[in-house]
Amino acid sequence: MTAVEMIRTVRLELVPLEVGHAEEMVGVLGDPALHRFIGGAPEGLEGLRARYARWAAGAPEPGTSWCNWVVREREGGRLVGTVQATVAG
């Protein structure tokens, strides 16, 4: 299993995703303009918490790791997005 660690740049931090991030991320991901681009509809808080819990539990396939981060601005500390990677083999 691949370890998900914090990654820092000058402006941003990629913070390993936790279920508790859902409260702030529901607002970030709730913008209808985002969903016009990516499809689907904004998810409510409970749905986002459930999704983050599934992701935190890890990939069901042996030898596969789900790596999920929230993106936080270093100045001000607000969450602004997510980054995901699936690592296999």
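The values are calculated or read from the model by the stated rules, or taken from the named source; none is laboratory data. Quantities reported herein were computed from a predicted structural model and do not represent experimental measurements. Neighbour counts run over all protein chains shown; Cβ positions are idealised from the backbone, glycine included. Heavy atoms of the whole protein, side chains included, go into the accessibility calculation; ligands, DNA and RNA do not. Shrake-Rupley method; radii C 1.70, N 1.55, O 1.52, S 1.80 Å.
List of remarks:
- Checking the stated criteria, Gly40 turns out to be modelled with pLDDT under 95 and on the phi > 0 side of the Ramachandran plot.
- Those residues of segment 62-78 which are outside any loop (DSSP other than H, G, I, E, B) and free of Cβ contacts under 8 Å to residues at least 60 places away in the same chain, in sequence order: Thr64, Trp66, Val70, Val71
- Within segment 1-49, tally of residues that are of a type outside the set (D, E, K, R), in contact with a strand residue (DSSP E or B) (Cβ under 9 Å, 6 or more places away or on another chain) and under 19 Å from Gly76 (Cβ atoms): 10
- Identity of the residue in segment 59-89, among the polar types (S, T, N, Q) and surrounded by fewer than 13 Cβ atoms within 10 Å (Cβ to Cβ), that ends up nearest to Glu5 (Cα to Cα): Gln84
- Taking each residue of segment 32-50 that is in contact (Cβ under 8 Å) with a residue 24 or more places away in the chain and looking for partners that are assigned to a helix (DSSP H, G or I) and open to solvent by less than 50 Å² (accessible area, probe 1.4 Å) with beta-carbon atoms closer than 6 Å, six or more apart or interchain, yields Leu48/Ala22; Leu48/Val26; Arg49/Ala22.
- Number of the condition not met by Ala22 [criteria: (1) at pLDDT below 95; (2) open to solvent by less than 60 Å² (accessible area, probe 1.4 Å)]: (1)
- Residue list for segment 51-83, restricted to those being touching a helix residue (DSSP H, G or I) at 6+ places or on another chain (Cβ under 9 Å) and small (Gly, Ala, Ser): Ala53, Ala56, Gly81
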